[in-house]
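Structure first, then comments.
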Amino acid sequence: MLNIFAIENYVMLAVVLIALAIKVFAFVNALLWPSDAYTAANKLTKPAWVAILGLALLAQLLLAEASPLNLLHLIGSIAAIVYLVDVRPAVAELTRR
C-alpha cells in the first residue's frame, strides 16, 4: 500500500539534497574567483560572499535533520541563489579571457 508520508519524506529529502548541492556549488565557486573581480563588478567583497555562503553551508550541515523550510535554510538558500544569479555572472564576465 502506498504511504503518503513516505512520499513526503522522499520529496523533503530531495529538496534538502538539492539545496545542499546548490550551497556547496556556490561556496566552492565563490572561492575560485579572484578578489579583485568582486570589487570590479561592484559587488560585495570576496570575503563577505565566502563568509555568507560558508555560514549558509554550515547551517545546512548542522541542521540536516531540520525542515528545509527552516528560516536558516531559507536564508542560506536565498543567499546562494542570489550569488549564482547575480554575482557569479558579473564576476565571470569580468574574468573571461
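Throughout, read-outs are computed from the coordinates displayed, never taken from laboratory work. As the structure is a prediction and not an experimental result, all values here were calculated from the model. In this analysis, Cβ positions are derived from the backbone assuming ideal geometry, glycine residues included, and neighbour counts consider all displayed protein chains.
Rounded to the nearest 500, the 222 nm mean residue ellipticity of the chain from helices alone is -24000 deg cm²/dmol, with -39,500 (n - 2.57) taken per DSSP H run of at least 4 residues. For the chain, the longest principal axis of the C-alpha atoms and the axis of helix 4-32 are separated by about 10°.
Taking the Cα centre of the chain as origin and charging only Cβ (+1 Lys, Arg; -1 Asp, Glu), how large is the dipole, in debye to the nearest 20? Before the final figure, lay out the partial values.
Details: 6 positive and 5 negative charges, 72 e Å.
Dipole of the chain, to the nearest 20 debye: 340 debye.
Sorted largest first, the spans of the alpha carbon positions of region 4-95 along the three principal axes are 50, 21, 17 Å.
Our note on the geometry: Cα centres of region 1-68 and region 77-97, 14 Å apart.
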